[in-house]
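Here is the structure we will look at.
Just so you know, all these numbers are worked out from the coordinates, no wet-lab data involved. Treat the numbers as computed from the prediction; the structure is a model and nothing was measured. All Cβ positions, even for glycine, are placed from backbone atoms using ideal geometry, and neighbour counts span all protein chains on display.
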Amino acid sequence: MPVSRDPDRLRGAADLLDHAAAAGDKTAGRFAEARIESTPFGFSAQARDLAARWEAALAAREADARVLGDETSDLAGRLRMAAGGYRAARPRIAATP
Amino acid sequence: MTSGFEHPALVLAAERLTSLRAAAARVGAPDPLAALQHVDCSPSVLRASAAQVGVGRQALAQAHAEFRDGVEVAETCLASFPPEADRVDGQYRAAAAAAAATAAAGLSLADRLDALAAAAASEAIGIASDAGLFVMAILAGDRSPDAVSAVKAACAAVTSSVRKHVESITDIAAALDTLTVPAVTAP
């Protein structure tokens, strides 16, 4: 990650990504709320198999959202590191007592 | 007294098959309503589940928009943005497509199960109606071979119809095959 010339703006970008990551987690919750028991599909073996596949599809969508939340959060962390790197690279001026 | 069925067409069929069921019990034929239980379902519950996936898809679109906003701001203050951003952006698109496909598949399977239950109910009502005279005869005490045979054949026909419809559920399930695995994976 290259060092930024505008660390405050980069931190703002990281904040936006953090919001996106939180929205990703919220999205995972929305998919989890779609889960239902198998009864509405029916009682046959074929219906139970269909219910299991629907459950697997919902779990896959929930996993997608969680991965995106994690990856977005990781990217936000990298932006913050770049912002901090810029500050550390600047010459420090000793404060007068 | 409730029929024990969830699907409205099967609730109606249960009412229309009351006499056939009673006649079947008299001659030792399989219970036609027990057969119809195998195609009972609740399409409204399935549609609500699919609609909730649609809500998730919209929430994902919102998250993607916020992601894009953050990336665009970051791009203005970094000479070279990490390639991970493009990869994650692509993953948002893949996840959104999978969510849209899942919501559509959910609605489709609800419609197909709905139609399947309605068809099985309609066929059962037709079968019971065709055997109506023999059913009444059995209930009146007639045990002639023709009457007994007709009632048994009607019950067997209901069972056969239900079996055919239940087997078609396998085709419905196959439509979900590609959606049961995650569309995105962590690096």
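Of the residues B:148, B:71, B:27, which exhibits the maximal mean-square fluctuation in a Gaussian network model of chain B defined by a 10 Å Cα contact cut-off?
Top of the fluctuation ranking is B:71.
What is the Cα centroid distance between the stretch A:1-55 and the stretch B:58-120, reported in whole angstrom?
9 Å
What average number of partner chain Cβ atoms lie no more than 10 Å from the Cβ of the residues making up B:91-102?
Numbers: counts 5, 7, 0, 2, 9, 2, 0, 4, 8, 0, 2, 8.
Rounded to a whole number, the mean comes out at 4.
For the residue pair residue B:87 and residue B:129, what label-to-label distance in nm results when each label sits 7 Å from Cα along the Cα-to-beta-carbon direction?
Placing both labels 7 Å beyond Cα along the Cβ direction yields 6.3 nm.
Counting partner chain Cβ atoms within 10 Å of every residue's Cβ in B:111-117, what's the average? Before the final figure, lay out each step's value.
Details: counts 0, 1, 5, 0, 0, 2, 1.
Going residue by residue through B:111-117 and averaging, the value is 1.
Using θ = phi - 60° and the Karplus relation 6.51 cos²θ - 1.76 cosθ + 1.60, list the HN-Hα couplings for the stretch B:27-41 in order, rounded to whole Hz, with x at every Gly or Pro.
So the Karplus estimates, Gly and Pro as x, are 9, x, 8, x, 5, x, 6, 4, 5, 5, 4, 6, 10, 5, 6 Hz.
Determine ³J(HN,Hα), in whole Hz, for all residues of the stretch B:111-123 in sequence, where each value follows from phi through the Karplus function 6.51 cos²θ - 1.76 cosθ + 1.60 and θ = phi - 60°; x replaces Gly and Pro.
So the J values, rounded to whole Hz, are 4, 6, 5, 4, 5, 5, 5, 5, 5, 4, 5, 4, 5.
Considering the dipole of the protein assembly as shown built from charges on the beta carbon (Lys and Arg +1, Asp and Glu -1) around the Cα centre, which of B:44, A:65, B:132 is farthest to its positive end?
About the Cα centre, the residue reaching furthest to the positive side is A:65.
To the nearest 10 degrees, how steeply does helix B:145-167 sit against the main Cα axis of chain B, on a 0 to 90 scale?
In chain B, helix B:145-167 runs at an angle near 0 degrees to the longest axis.
I'd like the mean, over residues of B:147-160, of how many other protein chain beta carbons sit within 10 Å of each residue's own Cβ. Working shown, then result.
Values: counts 0, 0, 0, 0, 0, 0, 0, 0, 0, 0, 0, 0, 0, 0.
Mean shielding count: 0.
Taking Cα atoms, how many degrees apart are the long axis of helix B:43-75 and the longest axis of chain B, rounded to 10 and kept between 0 and 90?
Tilt relative to chain B: about 10 degrees.
Give the residue from A:76, A:31, A:20 lying farthest towards the positive end of the charge dipole for the stretch A:7-87; charges sit on Cβ (+1 for Lys and Arg, -1 for Asp and Glu) and the dipole is referred to the Cα centre.
The Cα lying farthest towards the positive end belongs to A:76.
Measuring from label point to label point, each 7 Å out along Cα→Cβ, what is the residue B:22 to residue B:140 span in nm?
1.4 nm
Using the Karplus curve 6.51 cos²θ - 1.76 cosθ + 1.60 with θ = phi - 60°, what ³J(HN,Hα) values do you get for each residue of the stretch B:173-185, in whole Hz, with x for Gly and Pro?
5, 4, 5, 8, 3, 6, 9, 8, 10, x, 7, 10, 9
For a label point 7 Å from the Cα of residue B:55 along Cα→C-beta, name the residues of the stretch A:22-51 whose backbone N is under 17 Å from it.
Under cut-off, by backbone N: A:23-37.
Take A:18, B:130 and order them by how many other Cβ atoms sit within 10 Å, fewest up front. Walk me through the numbers before you get to the answer.
Values: A:18 19, B:130 14.
Starting with the residue having the fewest Cβ neighbours, the order is B:130, A:18.
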